[in-house]
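We did not get these values from a lab; they are worked out from the coordinates using the rules stated. It should be emphasised that the depicted structure is a prediction, and the values quoted were computed from it without experimental measurement. Here the Cβ positions follow ideal geometry from the backbone for every residue, glycine too, while neighbour counts run over all protein chains shown.
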Ligand code: NAP
């Protein structure tokens with residue numbers, strides 16, 4: 001469908017599970033070569049083997065995006081394995097809840113360090129390669145939580161996800177001269193391993209508040225990201241795309257009829 005993705009070199013942070021795994025699978029299905037990054041080696045190697053096809057490689061690089069050195073290593077591996085780097089998906093993220101009154105500096109630092117600073121580190125490390133590509137794409141996985149909505153216990157998470165959008169707008173302007181676009185997808189509630197950890201009650205309540213009456217799938221997210229990665233989307237930069245089944249639209253539960 002998206003012929004301009006064939007043969008591209010793609011890096012997906014947090015590509016070992018959930019949304020990132022869906023992104024990696026989507027890019028492979030469209031003919032790209034993919035490197036996935038995560039901290040857990042066993043899970044990462046299993047996912048890479050699962051996603052590798054007869055003619056497309058998925059390689060796992062162990063790394064923590066909150067460490068600039070690990071980001072540099074992952075970017076170098078992608079270039080070495082796949083002859084350059086064209087598309088970077090900054091997707092790695094965590095969402096542990098912590099009430100504001102009890103949140104420790106350590107808890108705050110961990111969420112900002114992975115979700116927000118990790119975005120900076122990966123893009124900084126990838127910049128020379130994206131410039132060489134001449135058609136570089138950066139796709140951030142932000143969220144509806146923070147930029148649009150709020151959720152008790154997730155003030156640090158919301159700040160990190162809104163912060164990604166602040167980063168995106170200035171980076172989009174700064175990198176446009178290299179032909180690099182920077183955009184963000186904003187998922188609503190997507191069925192992933194991470195979301196499952198929030199429990200059945202959370203999921204039931206969410207489903208009831210989504211006009212399309214279901215959680216999103218990792219495929220729903222991959223389709224949007226794939227579009228932003230194409231040549232055809234080359235004139236779109238500094239923009240956001242909400243993929244939430246309409247969750248942020250109704251004024252109240254009653255409004256859904
Ligand atoms: P998930 O199922 O928990 O997967 C998270 C992925 O990120 C895993 O591959 C994990 O691997 C990796 N990761 C976490 N911390 C990392 C670190 N420090 N360095 C490198 N990799 C790291 O989560 P998900 O639901 O797919 O969420 C993925 C992204 O989507 C996050 O940015 C999240 O904020 C965003 N999002 C999710 C939803 C949703 O409903 N699921 C909604 C809106 C936004 P390791 O643990 O092995 O490192």
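Miscellaneous remarks
- Both numbers refer to the Cα atoms of the stretch 37-102; Rg and Dmax are 14.6, 52 Å.
- Normalised by 2.2 N^0.38 Å, where N counts its residues, the alpha-carbon radius of gyration of the stretch 168-257 equals 1.32.
- Computed from Cα atoms, the angle from the helix 68-82 axis to the main principal axis of the chain rounds to 50 degrees.
- Sorted by Cβ density within 10 Å, fewest first, the residues 185, 87: 185, 87
- All C-alpha to C-alpha distances of the stretch 77-222, sorted into 10 Å bins beginning at zero, yield P(r) values of 11, 36, 32, 17, 4 percent in whole numbers.
- Reciprocal of mean inverse Cα separation for the stretch 56-161 (Kirkwood radius, Å): 14.8
- Our summary gives the chain a relative contact order of 19 percent, counting only alpha carbon pairs under 8 angstrom and 6 or more residues apart.
- Model label points for residue 253 and residue 4, set 7 angstrom from Cα along the Cα-to-Cβ axis, are 4.4 nm apart.
- 14 Å tail of the calculated P(r), the stretch 1-51, as % of Cα pairs: 44
- Inter-centroid distance (Cα atoms) of the stretch 131-182 relative to the stretch 1-61, Å: 21
- Helix axis angle, 155-175 relative to the chain longest principal axis, alpha carbon, degrees: 40
- Rg/Rg_ref, the chain, where Rg_ref = 2.2 N^0.38 Å and atoms are Cα: 0.96
- For the chain, calculated [θ]222 nm from helices alone, where every DSSP H run of n ≥ 4 adds -39500 (n - 2.57): -13000 deg cm²/dmol
- Proxy reagent accessibility, fewest Cβ within 10 Å first, across 213, 137: 213, 137
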